[in-house]
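Chemist: Let me begin by handing over the structure; questions about it come next.
The values are calculated or read from the model by the stated rules, or taken from the named source; none is laboratory data. Values in this document were obtained by computation on a predicted structure and should not be read as measured data. Counting neighbours? That spans all protein chains shown, and the Cβs are built from the backbone with ideal geometry, glycine included. The protein model used for the area step is the full one, side chains on, heavy atoms only, and it has no ligands, DNA or RNA in it. Shrake-Rupley method; radii C 1.70, N 1.55, O 1.52, S 1.80 Å.
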Amino acid sequence: MDWETKAQRLPLPLHRGQQSHRKPVAELRLELSSPVTQPPEPFEPAAERRKPASRGGDGQQLPLPPPASPLSPTSYPYPEGAWGWERGGKSARARGAPGEFSIVLFPRGFPGAEVTLCILGSPSTFLSVLLEAGVQSPGNMLLCLSPAWLTKVPAPGQPGEAALLVSKAVSFHPGGLTFLDDFVPPRRATYFLAGLRPGSGWGREAAELARDLTCPTGASAELARLLEDRLLTRQLLAQQGGVAVPATLAFTYKPPALLQGGDASPGLRLVELSGKEGQETLVKEEVGAFLHSEALGDALQVAIKLSSWRWRGRQALRLRPRAEVGMVADTVLALLEKLEEEESVVVEAVCLPAQMPFPGSPPPGPELAVRICAVVCRTQGDRPLLSKVVCAVGRGDRPLRHQNSLPRTLEVALAQCGLGEAAQVAVVRRSVKAAAEAALAAVLALEAGLSAEQRGGRQACTDFLGVDFALTVAGGALTPVALELNGGLCLEACGVIEGLWAAPRAGLAAEEAAAAAPLVETMLRRSARCLMEGKQLLVVGGGGFSKKFVWEAARDYGLKLHLVESDPNHFASQLVQTFIHFDVTEHRKDEENARLLAELVRARGLQLDGCFSYWDDCLVLTALLCQELGLPCSPPAAMRLAKQKSRTQLHLLCRQGPPWPSPSLHAVPCCSLESEADVERAVRQVPLPGVMKLEFGAGAVGVRLVEDAPQCHEHFSRIVRDLQGEADHPGIGLGWGNAMLLMEFVEGTEHDVDLVVFGGQLLAAFVSDNGPTRLPGFTETAACMPTGLAPEQEAQLVQAAFRCCLGCGLLDGVFNVELKLTRAGPRLIEINPRMGGFYLRDWILELYGVDLLLAAAMVACRLRPALPAHPRARGHLVGVMCLVSQHLQVLSSTASQEALQALHDGGLLRFNLFLSLEEALVPSEYEEPYCNVACAGPSPAEARLRLLGLCQGLGIDGPHYPVAHFLSHFK
């Protein structure tokens with residue numbers, strides 16, 4: 001084979017906001033004069049040999065690897081952006097040149113470098129977080145090994161707060177790949193987590209760096225001091241969390257305000273001392289009463305220790321026999337001499353190890369004890385979620401400590417102690433989960449009542465917690481008893497067990513997930529809030545009743561919204577920074593209106609960061625306005641293409657590649673209808689049965705299955721007569737006219753795919769399943785999320801949706817794509833170039849912790865949305881639509897808005913209201929769903945059964961609205 005090589009100097013691509021003084025690197029271009037049968041030999045351009053490929057200042061060179069295949073860009077273990085492949089296009093073929101392939105070596109960029117997750121601490125402590133974040137947000141997880149790599153600078157406009165800048169760090173990428181980077185200029189942290197436990201080496205510097213930051217922080221010295229006070233946390237867990245704790249007697253000297261005197265709970269006794277001397281009589285009386293109390297149960301020993309953050313990790317554990325009252329009292333009196341204000345001496349029962357029934361004869365050797373370590377993370381809505389459980393096993397007559405025992409899974413630990421039945425292990429796991437999540441909930445409730453100064457800053461909050469349990473028997477049942485709260489130790493134990501080599505096995509996917517996965521998602525979510533706080537956004541079109549959540553979310557995120565709206569009395573006019581009354585309903589004048597609106601924006605001096613819309617009628621106008629203002633958005637031509645359903649299909653039918661698979665594989669034949677003559681022509685071109693719908697419609701209003709030509713003419717005439725303009729049915733797109741289309745009807749299951757796309761790159765996709773509709777209509781009846789499809793079919797839907805969006809030129813935004821999965825693969829129904837409507841935003845936020853509204857706002861501000869690369873669903877939701885034509889009686893009684901909202905607030909169902917009852921009173925053939933009622937469950941089957949029972953109880957299910965049939969696809 002003849003190979004010709006050409007070396008060409010290329011300018012160095014720079015990432016937004018990153019300056020560089022780097023040298024350019026070379027491109028190796030390979031011209032193929034014959035078909036490729038094997039790759040070329042490794043080649044390194046002489047001009048670039050051993051020169052540093054500067055990519056962030058690391059000064060390390062990326063060697064040129066031998067490609068496995070000239071068409072295989074993903075076969076290298078390099079971070080995204082380190083290597084690129086380029087294929088010659090039509091121009092090469094047109095001039096008769098052979099096929100051209102380029103290997104382009106360019107510096108690593110920092111995709112989404114606006115997001116900067118920073119950890120200051122030991123790599124071993126945070127290994128689980130570092131590796132997981134390297135996968136979920138490559139290149140944006142930075143580990144600082146010294147406080148000198150960080151700098152605090154005053155934050156403009158935020159007195160008393162500071163921004164945190166990172167000048168040097170170790171960055172993490174998929175596969176554990178790491179780089180030592182220097183950043184010029186420094187990267188600004190959007191999330192900071194410092195190791196603050198004793199013995200970290202530079203605790204004071206870390207504490208000072210974490211204090212009063214503008215970015216979110218997952219820990220602070222002030223919060224760490226509260227969690228390290230064993231007495232305070234024990235009282236907190238017993239009182240607010242209802243968590244079992246060891247029987248405890250505490251002598252405290254000038255206790256902090258957060259501690260309350262007297263009996264905090266059964267088995268927890270707090271004695272306030274007036275002084276440290278002359279307390280012998282009181283101490284002996286209290287110790288004697290405590291050791292003889294029933295609260296200690298069968299405990300044979302007690303542990304005595306000093307309790308406060310100052311003593312954490314700096315004292316030996318003193319064990320004394322319970323029967324030796326004098327010895328225990330003397331130990332307490334000796335420790336009282338060391339007390340300072342707000343410190344305590346604690347006497348606590350040592351829990352007896354649970355006696356495990358071994359089958360047959362018990363093994364020889366000492367009795368074993370189990371110490372359970374649970375990591376629980378704060379998730380969307382400040383809800384605790386257990387992420388991982390690991391255990392230590394050791395002798396029952398000796399204290400079990402972190403780092404003195406190899407961590408193991410709960411199943412292995414219990415089996416080693418004689419408890420191997422899966423049902424019994426499941427009971428223990430449920431108990432640990434409930435107790436650990438209750439512990440974090442109690443901590444978060446405590447923090448919510450603290451001032452910013454008490455927390456160590458406005459943005460300081462505990463995002464994860466380690467809870468240590470002893471497994472004992474109480475009331476005849478195995479019970480986890482909370483011993484202490486910590487952060488790094490439990491997380492470190494989880495990282496150790498995750499690092500053990502083991503062959504993957506089926507059925508353990510949930511257990512094999514990283515302990516830090518929910519924590520990383522919280523880091524990204526809080527980073528997004530940090531980046532968007534105070535952003536100025538123009539919203540075009542306020543929307544209707546179903547979009548009220550937008551204004552509540554904007555206030556929560558700290559967005560400053562400006563609204564353009566036709567209705568001068570729109571309810572949101574009082575909820576925004578600026579209200580611009582402007583008629584946006586005349587779409588024939590969208591270009592002119594965009595210019596006029598741009599002039600109004602400039603005249604008012606609005607300094608906008610972005611502009612977007614979530615309302616169908618305003619999408620094209622928004623794209624034109626963004627073009628006038630120089631703001632990011634998908635091109636107006638792409639929005640027009642996606643807005644008109646027949647143009648979408650016909651355009652994609654012509655997109656036959658390359659690349660392959662092409663969008664044409666998913667498009668469906670159709671014809672636009674504006675007159676009776678068009679109908680006659682369409683029935684000859686489109687196979688029947690078909691589907692007739694409004695070209696610019698929404699909510700499935702007017703969509704109907706037609707079997708033959710007479711039905712086509714009849715339905716066309718009905719729509720032309722009944723739906724002539726916006727006043728006939730507001731909010732379904734009639735402002736664009738009432739033209740229709742006829743498209744081929746395809747058999748299969750219906751699905752929604754909600755995409756987040758940035759710069760033509762797919763960042764996230766969420767697939768949901770729809771139930772069968774009430775033919776000949778297509779109004780949605782039921783839905784399930786996540787999808788119940790096989791992974792391969794889910795991937796087909798996602799790729800089909802993404803290819804169709806790219807085929808229309810939709811490169812930036814949040815898009816909703818409706819498809820059918822047929823036996824031949826996915827087929828496109830339509831593209832909605834905005835976030836999904838109805839319940840979709842709420843469900844995705846509930847299950848995945850991803851807010852499509854915030855993602856759309858970030859894209860509008862030219863910011864890459866801070867999303868995990870692989871979002872994980874926290875359960876399943878199955879829901880059913882309610883229609884006024886079918887449910888008017890129950891919606892006015894057993895299933896009234898107030899009744900459904902009360903059930904939602906009680907956690908029994910998920911309720912999404914789309915219309916007021918007055919708005920929903922339209923002819924049944926043109927009605928939209930009034931609301932959605934959903935139930936959650938750990939599996940689709942359980943969620944479905946809960947929903948079916950609820951609908952039967954509320955009267956939503958009935959002979960004319962068979963909910964069981966609508967849910968039949970979700971089995």
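Chemist: Identify all residues within the range 126-152 that are open to solvent by less than 50 Å² (accessible area, probe 1.4 Å), assigned to a strand (DSSP E or B) and out of contact with any Pro (no Cβ under 8 Å at 6 or more places or on another chain); write none if there are none.
Modeler: M141, L142, C144, L150
Chemist: Now for a different question. Go through the range 615-652 and give me each residue that's touching a Lys or Arg at 6+ places or on another chain (Cβ under 9 Å), open to solvent by 50 Å² or more (accessible area, probe 1.4 Å) and assigned by the TED database to the domain that holds A855.
Modeler: Selection gives R640, R647.
Chemist: List the helices (runs of 4 or more DSSP H) that sit entirely inside the range 186-292 and contain at least 1 residues that are at pLDDT 90 or above, among the hydrophobic types (A, V, I, L, M, F, W, C) and open to solvent by less than 60 Å² (accessible area, probe 1.4 Å). Full working, then the answer.
Modeler: Values: elements: 203-210, 221-227, 230-236, 280-291.
Helices (runs of 4 or more DSSP H) meeting the threshold: 203-210, 221-227, 280-291.
Chemist: Let me ask something else about it. Just the residues that are under 15 Å from S387 (Cα atoms) and without any contact (Cβ under 8 Å) to a residue 40 or more places away in the chain, please, taken from the range 421-447. Walk me through it before giving the result.
Modeler: Of the residues in the range 421-447, the ones under 15 Å from S387 (Cα atoms) are 429-441.
Passing the criteria: R430, A434.
Chemist: Restrict the check to the range 744-758 and report whether at least one residue is assigned to a strand (DSSP E or B) and among the small types (G, A, S). Don't jump to the end; show me each part of the working.
Modeler: Kept after step one, since they are assigned to a strand (DSSP E or B), are these residues of the range 744-758: 744, 749-758.
Narrowing further to those that are among the small types (G, A, S): none.
There is no residue in the range 744-758 that is assigned to a strand (DSSP E or B) and among the small types (G, A, S).
Chemist: Determine whether R655 is out of contact with any Ser or Thr (no Cβ under 7 Å at 6 or more places or on another chain), more than 20 Å from P923 (Cα to Cα), open to solvent by 10 Å² or more (accessible area, probe 1.4 Å) and of a type in the set (K, R).
Modeler: Details: out of contact with any Ser or Thr (no Cβ under 7 Å at 6 or more places or on another chain): no; more than 20 Å from P923 (Cα to Cα): yes; open to solvent by 10 Å² or more (accessible area, probe 1.4 Å): yes; of a type in the set (K, R): yes.
Criteria not met by R655.
Chemist: Right, another one. Which numbered condition trips up V115, out of (1) at pLDDT 95 or above; (2) within 28 Å of L762 (Cβ to Cβ); (3) touching a Lys or Arg at 6+ places or on another chain (Cβ under 8 Å); (4) not basic (K, R)?
Modeler: For V115, the failing item is (1).
Chemist: How about the range 909-936: which of its residues are over 25 Å from G725 (Cα atoms) and either open to solvent by 40 Å² or more (accessible area, probe 1.4 Å) or part of a helix (DSSP H, G or I) (or both)?
Modeler: R910, A936
Chemist: Across the range 658-684, what is the number of residues that are open to solvent by less than 40 Å² (accessible area, probe 1.4 Å), hydrophobic (A, V, I, L, M, F, W, C) and in a helix (DSSP H, G or I)?
Modeler: So the count comes out to 3.
A quick yes/no check of all residues on (1) surrounded by fewer than 24 Cβ atoms within 10 Å (Cβ to Cβ); (2) without any contact (Cβ under 8 Å) to a residue 12 or more places away in the chain; (3) under 16 Å from the mean Cα position of the chain (by Cα):
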| position | (1), (2), (3) |
| --- | --- |
| L821 | yes, no, no |
| R827 | yes, no, no |
| N832 | yes, no, no |
| G837 | yes, no, no |
| L840 | yes, no, yes |
| W843 | no, no, yes |
| V850 | no, no, yes |
| A860 | no, no, no |
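Chemist: Starting from the range 131-158, take each residue that is small (G, A, S) and list its partners that are surrounded by fewer than 22 Cβ atoms within 10 Å (Cβ to Cβ) and in a strand (DSSP E or B), counting only C-beta distances under 7 angstrom and pairs at least six apart or across chains.
Modeler: So the pair list comes out as A155/A162; A155/A163.
Chemist: While we're looking at this one, here's another question. Only one of L563, L631, L652 is over 17 Å from G541 (Cβ atoms) and in contact with a Gly (Cβ under 8 Å, 6 or more places away or on another chain). Can you tell me which?
Modeler: On the way: L563 fails: over 17 Å from G541 (Cβ atoms); L631 fails: over 17 Å from G541 (Cβ atoms).
Criteria check complete, one pass: L652.
Chemist: A902 - would you say it is surrounded by 15 or more Cβ atoms within 10 Å (Cβ to Cβ) and among the small types (G, A, S)?
Modeler: Details: surrounded by 15 or more Cβ atoms within 10 Å (Cβ to Cβ): no; among the small types (G, A, S): yes.
So A902 fails the test.
Chemist: For P959, all conditions in the list (1) at pLDDT 90 or above; (2) closer than 17 Å to G788 by Cβ hold save one; what is the number of the exception?
Modeler: Single failed check for P959: (2).
Chemist: Looking at (1) of a type in the set (A, V, I, L, M, F, W, C); (2) open to solvent by 30 Å² or more (accessible area, probe 1.4 Å); (3) in contact with a helix residue (DSSP H, G or I) (Cβ under 7 Å, 6 or more places away or on another chain); (4) not assigned by the TED database to the domain that holds R640, find the lone condition where M692 falls short.
Modeler: (2)
Chemist: From E707, E747, which residue is modelled with pLDDT under 95 and closer than 22 Å to I831 by Cβ? Spell out how you get there, then give the answer.
Modeler: Values: E707 fails: closer than 22 Å to I831 by Cβ.
Within the list E707, E747, the selection yields E747.
Chemist: If you take the residues of the range 937-971 that are part of a helix (DSSP H, G or I) and basic (K, R), which of them is surrounded by the most Cβ atoms within 10 Å (Cβ to Cβ)? Please lay out each step first, then the result.
Modeler: Taking the range 937-971 as the starting set, the residues that turn out to be part of a helix (DSSP H, G or I) are 940-954, 963-966, 968-970.
The next check asks that each one be basic (K, R); those that pass are 944, 946.
Values: R944: 24, R946: 17.
Among residues in the range 937-971 that are part of a helix (DSSP H, G or I) and basic (K, R), the one surrounded by the most Cβ atoms within 10 Å (Cβ to Cβ) is R944.
Chemist: Still on this structure: Out of the range 854-908, which residues are outside any loop (DSSP other than H, G, I, E, B) and among the hydroxyl-bearing types (S, T, Y)?
Modeler: So in the range 854-908, the residues outside any loop (DSSP other than H, G, I, E, B) come out as 854-860, 876-882, 884-891, 897-905.
The answer is S885, and nothing else.
Chemist: Among the residues of the range 607-643, which ones are touching a residue at least 60 places away in the same chain (Cβ under 8 Å) and assigned to a loop (DSSP other than H, G, I, E, B)?
Modeler: Q607, L608, D609, S613, Y614, W615, L631, P632, C633, S634, P635
Chemist: Name the residues in the range 164-185 that are open to solvent by less than 50 Å² (accessible area, probe 1.4 Å) and assigned to a helix (DSSP H, G or I), would you?
Modeler: Matches in the range 164-185: G176 only.
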